[in-house]
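Visitor: Dumping the structure here so I can ask a few things about it.
The values are calculated or read from the model by the stated rules, or taken from the named source; none is laboratory data. This structure is a prediction, so every number in the text was calculated from the model and none was measured. Don't worry about glycine lacking a Cβ; one is built from the backbone with ideal geometry, like all the others, and counts go over all protein chains shown.
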Amino acid sequence: MRLANIANRLTLVTPNNEVIDLSQESGGRFSPSIQECYERWDGLLEYARTLESTPGKPLAEVPPEDFGNPAPEPRQVFAIGLNYAAHAAEASLAVPEDLTVFTKFASSLTGPYGTVTLPPGTVDWEVELVAVIGRGGSHIPADKAWSHVAGITIGQDLSERTMQSAGPAPQYSLAKSFPGFGPVGPLLVTPDEFEDPDSIELGCAINGEEVQKGNTSDMVFPVPEIIARLSKVTPLFPGDVIFTGTPPGVGVGRVPQRFLAPGDELVTYMRGVGQMRHRMQAAS
Ligand code: ZN
């Protein structure tokens, strides 16, 4: 099943590529608040399944600016660093033996289309699979973890590298949390839609030039293992967002290094989910 945030409302995208507002269609049985829908995720899916052949409005007629982040109000945002060995290598860092975890503060999250204002410094790109939690819990075993995932979507973990590595004990979170640094979307796709949810191609391009192309099967800690290890420490809640790390091809690992510049168009894709499109602009 595919869902989207359209005009800040949870919307079903049917197999015929038509869209149905779930709160409206259900006569208010499900809240117009997307976060509240995650609290009742199993019931929502059951209802949405009955609508798959219901006619709706064509997806192609939805203006890009109406799409928002499908997980707009998470209680927690987790992000995993160095989760692809080839990315750790390009960053000249060792492959970690346990999760490297930071947050992107929720105010950095944004939708799948639009502009991103570049702060001064060295802003880099990182395509990532984003997992959104449906059913929460603590101590979730890895072999049950996919059943706790509401859906998979695309993320960009935009990162200001100079701040990220500054100081005696570098902290990633703030450098990855400027406004607009966490684009997510456009569709939230349930794990059962994928032939293998642990093997999905993802990548990004700048002005049409491919800079990253990877596969989630190369993760050091696959999604179920991330969920198991996070939930051993902190409970996971419905609607929580997990950025799962980036494959190689980021700008800081290049010779010479390359960073985003005003005017650049960043297109980020994941097979089975679609693509996001962002234009970089200078701070005024
Ligand atoms: Zn990242």
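Visitor: Among all residue pairs at least 6 apart or on different chains, which show Cβ distances below 9 Å where the first residue, located in the range 140-152, is in contact (Cβ under 8 Å) with a residue 40 or more places away in the chain and the second is of a type in the set (D, E, K, R) and crowded, with 19+ Cβ neighbours inside 10 Å?
Guide: Gly151/Arg2
Visitor: Of everything in the range 237-247 that's within 12 Å of the ligand (Cβ to nearest atom) and assigned to a loop (DSSP other than H, G, I, E, B), which residue is nearest to Tyr38 (Cα to Cα)?
Guide: Only one residue fits best here, namely Thr244.
Visitor: Only one of Ala89, Ala79, Ala94 is within 28 Å of Asp198 (Cβ to Cβ), assigned by TED's automatic domain parsing to the domain that holds Ser231 and crowded, with 16+ Cβ neighbours inside 10 Å. Can you tell me which?
Guide: Residue meeting the stated conditions: Ala79.
Visitor: Which of the following residues is within 16 Å of the ligand (Cβ to nearest atom) and over 24 Å from Val273 (Cβ atoms): Val127, Val95?
Guide: Among Val127, Val95, only Val95 is within 16 Å of the ligand (Cβ to nearest atom) and over 24 Å from Val273 (Cβ atoms).
Visitor: Quick check on my filter: what residues within the range 97-127 are of a type in the set (Phe, Trp, Tyr) and either more than 21 Å from Leu266 (Cα to Cα) or not assigned by TED's automatic domain parsing to the domain that holds Gly180 (or both)? It would help to see each step written out before you state the result.
Guide: Initial filter on the range 97-127 (of a type in the set (Phe, Trp, Tyr)): 102, 105, 113, 125.
Of everything in the range 97-127, those that are of a type in the set (Phe, Trp, Tyr) and either more than 21 Å from Leu266 (Cα to Cα) or not assigned by TED's automatic domain parsing to the domain that holds Gly180 (or both) turn out to be Phe102, Phe105.
Visitor: For the range 6-30, which positions are small (Gly, Ala, Ser) and surrounded by 18 or more Cβ atoms within 10 Å (Cβ to Cβ)? If you could, list the steps in order and put the result at the bottom.
Guide: At the first step, the residues of the range 6-30 found to be small (Gly, Ala, Ser) are 7, 23, 26-28.
Within the range 6-30, just Ser23 meets the criteria.
Visitor: All but one of (1) touching a helix residue (DSSP H, G or I) at 6+ places or on another chain (Cβ under 9 Å); (2) assigned by TED's automatic domain parsing to the domain that holds Asp192; (3) buried (at least 17 other Cβ atoms within 10 Å of the Cβ) hold for Glu73; which doesn't?
Guide: Going through the list (1) touching a helix residue (DSSP H, G or I) at 6+ places or on another chain (Cβ under 9 Å); (2) assigned by TED's automatic domain parsing to the domain that holds Asp192; (3) buried (at least 17 other Cβ atoms within 10 Å of the Cβ), Glu73 breaks only (3).
Visitor: Which ones in the range 61-70 are farther than 25 Å from Val101 by Cα and either crowded, with 19+ Cβ neighbours inside 10 Å or of a type in the set (Asp, Glu) (or both)?
Guide: Passing the criteria: Glu61, Glu65, Asp66, Phe67, Gly68.
Visitor: In addition: If only one of Leu45, Leu59 is within 21 Å of the chain's Cα centre (by Cα) and closer than 26 Å to Pro235 by Cα, which one is it?
Guide: On the way: Leu59 fails: closer than 26 Å to Pro235 by Cα.
None of the other options fit; the residue is Leu45.
Visitor: Return yes when Pro141 is buried (at least 24 other Cβ atoms within 10 Å of the Cβ) and either within 27 Å of Leu12 (Cβ to Cβ) or touching a helix residue (DSSP H, G or I) at 6+ places or on another chain (Cβ under 7 Å) (or both) and no when it is not.
Guide: Answer is no for this residue.
Visitor: Still on this model: Does Leu51 satisfy the condition of being assigned to a loop (DSSP other than H, G, I, E, B) and at pLDDT below 95?
Guide: So Leu51 fails the test.
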